[in-house]
Every structure is written in structure tokens, then in C-alpha cells.
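Beneath this line is the structure, given in C-alpha cells, with notes to follow.
The values are calculated or read from the model by the stated rules, or taken from the named source; none is laboratory data. The model shown is predicted, which means the values in this text are computed figures rather than measured ones. Quick reminder, even Gly has a Cβ in these numbers, built from the backbone with ideal geometry, and neighbours come from all protein chains shown. When the accessible area is computed, the model is the full protein with side chains, heavy atoms only, and any ligands, DNA or RNA have been set aside. Shrake-Rupley method; radii C 1.70, N 1.55, O 1.52, S 1.80 Å.
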Amino acid sequence: MHGVLSHLGYLAGGLGTTLELSLLGFAGALLLGTLLTVLRVGPVLPLRLLGTLYVEVFRNVPLLAFLVLFVFGLPDAGVTYPLFTSEAACLALYFAAYVCEALRAGINAVPVGQAEAARAIGMTFGQSLALVILPQAFRTMVQPLANILIGVVLSSSLGAAVGVSELIGRTQWLDLKYDEPVPTFLLAAAGYVLVTAAVALLAGRLQKRMAVRR
């Protein structure tokens, strides 16, 4: 146990890498997921089909399989990225499908009269979506998006399977060195609990503030 405790800084560095991966992956998922939502609710049928196909494919492929294909398959095609970049991109691409579905549900929760009123004053579909529908949808999406962020944080641990030195990757290294799996992985679990609890707490406060502003 003493050997593991002497490497708390090493584990903290892994937690920092986990946070970086999670924030980058979630930001990318939020941007791409919003774009996919626009495609899925838009008036152009081929774009709606494209958005639907993307969501169905990524929601039905395990993230680990996709990550392995991305990390080891692209170099065979002559495309190489650092492992950190590869995992962040995979997280963004994968969770964009979940952001899309969550945001689409939020859009469906906006009263139809809001879109009709926007059209009545001459707004285009794009203006109505950007200025009226999406801002209201995002207000109802705080908790679902927080849940997706928590999913990104936990899924980032899969990076250990492809050599990314995040929290679980460093935990495995310490376990191999000191053969103390219980205290080592308990420390890693505590790190994930702290991060996910903080996300849940912040989401709860943000949701209350938005509810007050309505």
C-alpha cells in the first residue's frame, strides 16, 4: 500500500489526462451532435437519412470496437494520429450520436407554437432553429447532457486498452509494479466518483438556475 500511495502524483496525472480526454470528447460530441440534430429535424430528406444512419451506426457499435478500429485501422490506411488525439476523436464521434438523440428529444419538447410563431414573423427554418427552438431545447437538456458527460468520463477508461496513459492505464501500471490491485483500483474508483459527482452537482445547480429564469 505504501508503494501505491507514494505514486499519488502519478495517478493524479492520469486523472488529469482523463479530464482532458473527457472535456475534449464531450465538446466535440456537443458540436457534432448539434449538427446531426439539425440534419435530422431539417426539411431535406437525404440529410435526414444521413443523420439517422450516423446515429443508428454509432449507437449500435461498442465503443471499444470502434476505438480499436480507429487506433489500429487508420495507420494501416496511412493515417496516423497520437493516441490521445485518436481517443478524444473517438469519444466525440461516438457520443455525438447520443447528444443528437438527447437534443432531438429536447426539440420535440418545445411547443409547436414556438416554431409556428417564428414562421409567422418571417423567420427561415435555420433562423427559427438557431434563435427560437435550440435555445429552449438546451434549457431542458442540462441533466441529459450531464449524464452524457458522465458517460464520456467513464468511457475514457477504455483508452487503457489501446495504450493511452489515462487514469486506468496508470492504475494498471501500478498494479503490475506493486501487485496491490484492491487499493490501487479503489483509488482510481475514488477519482471517477469525485469527477462524476462534481458533474452531477454542477448540472443540478445549473438546472435550478435555468428553471428560475423561465
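Here are some notes:
- T171 vs. criteria open to solvent by 30 Å² or more (accessible area, probe 1.4 Å) and closer than 26 Å to L91 by Cβ: no
- In summary, L23 fulfils each of the numbered conditions (1) surrounded by fewer than 18 Cβ atoms within 10 Å (Cβ to Cβ); (2) in contact with a Phe, Trp or Tyr (Cβ under 6 Å, 6 or more places away or on another chain); (3) modelled with pLDDT of 95 or more with the single exception of condition (2).
Residue-wise test of (1) among the hydrophobic types (A, V, I, L, M, F, W, C); (2) at positive phi; (3) at pLDDT below 85.
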residue: A96; (1), (2), (3): yes, no, no
residue: A102; (1), (2), (3): yes, no, no
residue: A105; (1), (2), (3): yes, no, no
residue: A109; (1), (2), (3): yes, no, yes
residue: G122; (1), (2), (3): no, yes, yes
residue: A130; (1), (2), (3): yes, no, yes
residue: Q136; (1), (2), (3): no, no, yes
residue: I148; (1), (2), (3): yes, no, no
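- Taking the stretch 133-150 as the range and being assigned to a helix (DSSP H, G or I), touching a helix residue (DSSP H, G or I) at 6+ places or on another chain (Cβ under 7 Å) and crowded, with 18+ Cβ neighbours inside 10 Å as the test, the residues that pass are I133, A137, V142, L145, A146, I148, L149, I150.
Here's the yes/no breakdown for (1) aliphatic (A, V, I, L, M); (2) in contact with a strand residue (DSSP E or B) (Cβ under 7 Å, 6 or more places away or on another chain); (3) open to solvent by less than 70 Å² (accessible area, probe 1.4 Å):
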{"site": "V110", "(1), (2), (3)": "yes, no, yes"}
{"site": "G113", "(1), (2), (3)": "no, no, yes"}
{"site": "E116", "(1), (2), (3)": "no, no, no"}
{"site": "I121", "(1), (2), (3)": "yes, no, no"}
{"site": "S156", "(1), (2), (3)": "no, no, yes"}
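- The residue that is farthest from the chain's Cα centre (by Cα), among those in the stretch 62-87 that are among the aliphatic types (A, V, I, L, M) and either open to solvent by less than 50 Å² (accessible area, probe 1.4 Å) or at pLDDT below 85 (or both), is A77.
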